[in-house]
Amino acid sequence: MKVYLDNVIVSGKVLNDLAPSDEMVAVNEIEKLASQGRLELFTSRESWREQDRTHNPERRAKLEKARPDIVVVQKDHEVVGFSHIQDRYGGFVAGPLVTDVIDNSLFGNFKALGLDNADARHLMYAACNGCKRFVTLDHHFLSRRNALEAYCQGISIVKPSELISEMQGESK
């Protein structure tokens, strides 16, 4: 099963500081399930952008070092065109125009439900990349989960402990 880890989970995993502690234990269990091939874990460059705002240089260095540990979703940007300039001597420069909003409708729906831009992108990336679970501890996702899931194309928004309970139920 493809599982998207929100930035709070990715960062908490690296810094070992998730609260409550039972959620940190659940994240460690999620990693074990991934190492057994039962889960595929993903995040996005959106997590990296959020981590880059960390003011503590030691924490930021830990987060950057751990980036290769979780796969980034494939589809997290789209080329929408090219900008080009030609000078009078025949020189030519072209640059791509890229957007990180890959589904305007979905992004707009998430924004209308009260998510900020970064959170709307996280959930949009999970939905557009075929993830089945969106793992988070952020209240703004969990408090709106029913409304958000209605737009999410089959994704369930869960806490780490809820995913572990679900996986333990499957193995019985």
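The values are calculated or read from the model by the stated rules, or taken from the named source; none is laboratory data. Computed from a predicted model, the values in this text were never measured in an experiment. Positions of Cβ are generated from backbone atoms using ideal geometry, with glycine treated the same way; all protein chains shown enter the neighbour counts. Just the protein is used for accessible areas: all its heavy atoms, side chains included, with ligands, DNA and RNA removed. Shrake-Rupley method; radii C 1.70, N 1.55, O 1.52, S 1.80 Å.
Just a yes or no: is a residue in segment 93-100 of a type outside the set (Ser, Thr, Tyr) and closer than 28 Å to ASN146 by Cβ? Checked segment 93-100: at least one residue is of a type outside the set (Ser, Thr, Tyr) and closer than 28 Å to ASN146 by Cβ. Applying the condition of being of a type in the set (S, T, N, Q) and not in a loop (DSSP other than H, G, I, E, B) to segment 114-164 and asking which residue is farthest from LEU39 (Cα to Cα) yields ASN117. Annotation note: Cβ proximity below 8 Å between a residue of segment 145-172 that is touching a residue at least 24 places away in the same chain (Cβ under 8 Å) and closer than 18 Å to ASP119 by Cα and a residue that is of a type in the set (S, T, N, Q) and outside any loop (DSSP other than H, G, I, E, B) (sequence gap 6+ or interchain) occurs for TYR151/ASN109. Note on segment 91-102: among residues that are part of a strand (DSSP E or B), β-branched (Val, Ile, Thr) and at pLDDT below 85, the one that is surrounded by the most Cβ atoms within 10 Å (Cβ to Cβ) is THR99. Please determine, by comparing only the residues of segment 146-164 that are at pLDDT 95 or above and not hydrophobic (A, V, I, L, M, F, W, C), which one is most open to solvent (accessible area, probe 1.4 Å). So, considering only residues that are at pLDDT 95 or above and not hydrophobic (A, V, I, L, M, F, W, C), the one most open to solvent (accessible area, probe 1.4 Å) is ASN146. Considering only residues that are surrounded by 13 or more Cβ atoms within 10 Å (Cβ to Cβ) and among the small types (Gly, Ala, Ser), which ones fall in segment 119-145? Passing the criteria: ALA120, ALA126, ALA127, GLY130. Restricting GLU31, GLU40 to those that are more than 18 Å from LEU123 (Cβ to Cβ) and modelled with pLDDT of 90 or more reduces the list to GLU31. Within segment 141-163, identify whether any single residue is of a type outside the set (D, E, K, R) and under 15 Å from SER47 (Cβ atoms), and answer yes or no. Yes, some residue in segment 141-163 is of a type outside the set (D, E, K, R) and under 15 Å from SER47 (Cβ atoms).
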